[in-house]
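Reviewing the structure listed below.
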Amino acid sequence: MTVSLPSKTNQDGHGADYTDRYNPAWEPESRERGDCKVQADKQTTDYTDRYNDASKPQMIDFIRRLAHGMRDIAGQVRQDDTMKKRVEKTFSTREVGELLGLGNAYTIRVLNQATSDDDSFPVGRKTVGQSGHTAHYSISEIMMMRAYLQSRTHRKHEYLHWRKPGDPLPVVSFSAQKGGTGKSLSAAHFAQYVAMNYGLRVGILDCDPQATVSLYFADKQTKLFERNRNTVASFMGLDLDQFNAHQIVEKSAEDLNGMWQTTQWPGTRLIPGGANIQDADLALLMLSQKSGGTAPVHAALKDAIARWDAAYGPKTLGSELRKPDGSFDVEKYQEALHETVDVIVIDQQPSFTLVQLNGLVAATNLIVPQTMKGFDLKTLSTYADNVQVYLSEMAIKDRVIGGGNHIVLPTIIQEANEKDVDQIVDIHRRHPGLVSQVWYSRSDAVANAAEEYKSIYEYDPPRSRRPSAKAFIQNANAVNDALAKLVWGGALPSRGHAEKFIAERWV
């Protein structure tokens with residue numbers, strides 16, 4: 001079998017067409033050079049002349065075209081559309097009652113009474129359904145309902161579970177060394193669940209240069225993928241343009257507070273991920289080398305969070321959201337909604353770097369999303385070994401690292417495949433408390449929601465996809481109910497989702 005090579009004319013013609021269009025630096029006369037001709041009968045041609053000729057199209061040309069082309073694909077249009085209409089999903093009166101922890105009849109009575117008592121109480125959007133006229137409410141309206149009901153003197157339930165002055169700030173880190181475990185989505189679901197079900201104000205710290213979790217909260221006002229915008233690198237005081245190799249630049253609490261970006265989720269703020277997080281790793285490495293390994297490069301994030309929280313901790317109680325005349329104080333509510341956060345959720349990069357070490361040291365609680373395949377469990381073992389070495393070698397006086405509860409969260413479990421579930425059961429029985437008894441099952445609903453750059457909690461599926469979406473919402477509720485109990489130790493009222501999941505699957 002013989003292979004006919006194109007003639008030199010054809011080769012040059014193709015090269016001219018490609019390079020003239022995509023590499024302006026490529027001049028026609030450079031193609032006449034004879035010093036790099038391939039001679040088939042000789043093996044002495046220099047490799048770098050053939051494959052690394054600076055005059056030929058470079059990798060940067062390909063990457064530039066790739067970046068430009070990806071802006072034009074249909075998915076970008078869908079992403080932009082989602083950012084314009086973030087969190088448009090509305091909730092029926094029955095669903096509102098479930099989020100508030102109330103029965104349907106009691107919810108209707110409470111909402112009707114509040115609507116007649118105060119003009120500022122949300123009335124929702126009236127729709128016509130099979131049962132007649134009903135009201136649907138946005139997530140922002142539900143948050144305001146909570147505040148209104150919490151401000152009543154003679155309330156029968158707790159509706160708003162904000163931190164009180166002096167309460168510690170939980171910091172929950174979602175971390176895994178392996179990608180593809182659903183880590184970012186798990187972090188987003190957890191943040192949204194505690195906001196929806198308990199009215200918590202959530203701070204999202206995206207420590208991933210890919211900014212995946214940021215996309216679940218971003219809207220058109222969110223500054224993403226801008227080189228000079230604030231990320232966790234800035235929050236830690238590690239901007240390379242300001243960084244002193246001998247010390248971290250400690251930002252004032254006011255500067256730190258200004259780095260949070262608001263989102264369409266009420267009370268939820270974001271410090272997005274981005275490429276300059278990699279600069280922070282370089283800065284931390286430089287600092288460690290300059291100090292001879294004595295600088296606390298692992299504690300920059302923990303210290304920044306503590307400095308911010310000391311100045312911007314909780315001040316307002318739900319019972320204080322009333323005017324002297326007894327009416328609900330909407331302005332004070334809006335101020336309180338953004339005065340602090342009740343929990344920080346950190347989404348880590350799927351690797352182990354100095355920035356990721358900071359995310360672990362800053363955390364009160366560690367969640368490790370993990371698939372249960374053999375190779376993946378080996379990666380988990382490596383991750384645990386690496387973290388153990390770093391944490392055990394840290395001589396930190398008077399510091400507590402991760403004083404809360406921690407868990408491995410099984411994800412993307414194929415329940416039809418007994419091997420996945422058997423792995424969970426085996427680990428749980430051998431080492432109780434290491435792995436969660438509640439897990440994320442594999443579901444097409446995740447991919448369906450991801451097509452629109454949405455989490456399952458804001459995804460409003462077409463009729464054909466509603467059954468799978470509903471099933472996965474129930475799954476997500478069970479997981480996050482279990483995680484809320486893990487983090488707050490029962491201080492937040494359980495919705496019963498985790499208990500139901502365990503009762504159905506564990507004997």
Return yes or no: is residue 257 at pLDDT 85 or above, surrounded by fewer than 23 Cβ atoms within 10 Å (Cβ to Cβ) and polar (S, T, N, Q)?
yes
Every residue from segment 376-405 that is surrounded by 17 or more Cβ atoms within 10 Å (Cβ to Cβ) and at pLDDT 90 or above
404
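Conditions tested, residue by residue: (1) in contact (Cβ under 8 Å) with a residue 24 or more places away in the chain; (2) among the β-branched types (Val, Ile, Thr); (3) at positive phi; (4) touching a Pro at 6+ places or on another chain (Cβ under 9 Å).
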position	(1), (2), (3), (4)
378	no, no, no, no
390	yes, no, no, no
402	yes, no, yes, no
409	yes, no, no, yes
425	no, yes, no, no
442	yes, no, no, no
446	yes, yes, no, no
Would you pick out the residues in segment 145-176 that are under 26 Å from residue 214 (Cβ atoms), surrounded by fewer than 23 Cβ atoms within 10 Å (Cβ to Cβ) and in contact with a strand residue (DSSP E or B) (Cβ under 9 Å, 6 or more places away or on another chain)?
163, 169, 170
So which residues in segment 457-470 are touching a residue at least 24 places away in the same chain (Cβ under 8 Å) and either surrounded by fewer than 13 Cβ atoms within 10 Å (Cβ to Cβ) or charged (D, E, K, R) (or both)?
458, 460
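Scan segment 327-349 and give yes if some residue there is modelled with pLDDT of 90 or more and of a type in the set (Phe, Trp, Tyr), otherwise no.
First pass over segment 327-349, keeping only residues modelled with pLDDT of 90 or more: 327-349.
With the extra rule that they be of a type in the set (Phe, Trp, Tyr), the set shrinks to 328, 333.
Checked against the condition, which is being modelled with pLDDT of 90 or more and of a type in the set (Phe, Trp, Tyr), segment 327-349 yields at least one hit.
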Segments classed as strands (runs of 3 or more DSSP E), wholly inside segment 116-218, with at least 1 members that are farther than 26 Å from residue 352 by Cβ and hydrophobic (A, V, I, L, M, F, W, C)
125-129, 132-137
Scan of segment 482-493 for residues that are surrounded by 15 or more Cβ atoms within 10 Å (Cβ to Cβ) and without any contact (Cβ under 8 Å) to a residue 24 or more places away in the chain, ordered by number:
485
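The values are calculated or read from the model by the stated rules, or taken from the named source; none is laboratory data. Here the structure is a predicted model, which means the values were calculated and not measured. Here Cβ is always computed from backbone atoms with ideal geometry, including for glycine, and neighbour counts include all displayed protein chains.
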